[in-house]
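Note sheet for the following structure.
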Amino acid sequence: MLIRGWASSVLGTKILSDAYPTVMKTSHKLAFLSVLLLSTLTLAAQSKPNLTGSWELNPEKSDLGGAPLSKLTVQVDHKDPVLKYTATGNAGGEDFSESEAISTDGKPTKDSRGATVTAHWDGKALVIETTSPDRATSDVSRLAVSPDGKTMTRDYDRKGAEGPQKRHEIYEKK
C-alpha cells in the first residue's frame with residue numbers, strides 16, 4: 001500500500017487515491033489482454049499445417065522437369081511429428097506405389113530404399129532432405145499448403161550422377 005499512500009499524500013484527495021486500485025485493475029487487465037492477443041497471433045502465425053488427406057497431382061499446372069508422371073495420388077496421414085504417406089501413380093506407362101513414414105522434427109529416418117531422410121519445418125513449409133545410402137544422390141523437397149488448405153505445392157530439387165532435376169508440382173486436395 002506504499003504506492004496508494006504516496007498517491008494520496010501527493011495528490012491530497014481521497015477520490016484519486018480510491019480510484020487508483022480501479023485504474024490499476026483496468027490497466028492490468030489491458031496489459032494481460034494485450035499479451036494474450038500477441039501470444040495468440042504469434043502462435044497462429046507459426047502454426048504448422050496438417051497435411052492429412054488425399055492429394056492429387058495436377059500435371060497441367062505443374063512443371064515436372066521432364067519426369068514422365070502422368071498420374072500421382074498421395075494419401076497422407078499426418079500426426080506431427082509423424083507423417084506417413086502412400087503414393088500411387090503412373091510414370092512412363094508403369095504403375096507404381098510406395099509407402100513411407102518420416103519424422104518432421106528433424107530426426108533422421110531411413111526410407112524403404114535405405115536413404116536417410118531428414119524433415120523439419122521452416123515456418124509453415126515442410127522441408128524434406130533425402131540422401132542415398134552411397135551419398136551419390138540427394139534431393140530437397142519443400143511442401144507448402146495454400147491458406148485455404150485446398151492446394152499443396154511441392155518444389156523438388158535433385159542432384160546426382162544422372163544430372164540435376166527440378167520440379168514444381170501442384171496437388172489438389174480431394
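The values are calculated or read from the model by the stated rules, or taken from the named source; none is laboratory data. The structure presented is a predicted model; accordingly, all values stated were derived computationally and were not measured. Virtual Cβ from ideal backbone geometry, glycine too; neighbours counted across all protein chains shown.
Would you mind finding the one in Lys71, Lys61 that is more than 30 Å from Ser47 (Cα to Cα) and basic (Lys, Arg)?
Sole residue among the options that is more than 30 Å from Ser47 (Cα to Cα) and basic (Lys, Arg): Lys71.
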Legend entry - Selection count, region 145-174, where residues are touching a residue at least 24 places away in the same chain (Cβ under 8 Å), under 15 Å from Val74 (Cα atoms) and surrounded by 17 or more Cβ atoms within 10 Å (Cβ to Cβ): 6
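Please verify whether His78 is in contact (Cβ under 8 Å) with a residue 40 or more places away in the chain and not hydroxyl-bearing (Ser, Thr, Tyr), treating the condition exactly as stated. Step through it out loud before you land on a result.
Numbers: in contact (Cβ under 8 Å) with a residue 40 or more places away in the chain: no; not hydroxyl-bearing (Ser, Thr, Tyr): yes.
No: the conditions fail for His78.
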Legend entry - Number of the exception - Gly66 against (1) part of a strand (DSSP E or B); (2) small (Gly, Ala, Ser); (3) at positive phi: (1)
Inset, instruction - Return the total of residues in region 105-152 being closer than 19 Å to Lys173 by Cβ and of a type in the set (Ser, Thr, Tyr). - result: 3
Inset, instruction - Could you pull out the residue among Asp18, Asp63 that is charged (D, E, K, R), under 30 Å from Ile128 (Cα atoms), at pLDDT 50 or above and surrounded by 11 or more Cβ atoms within 10 Å (Cβ to Cβ)? - result: Asp63
Legend entry - Qualifying strands (runs of 3 or more DSSP E) (wholly inside region 94-174; at least 1 residues being within 18 Å of Leu69 (Cβ to Cβ)): 94-103, 125-131, 138-145, 151-159, 165-173
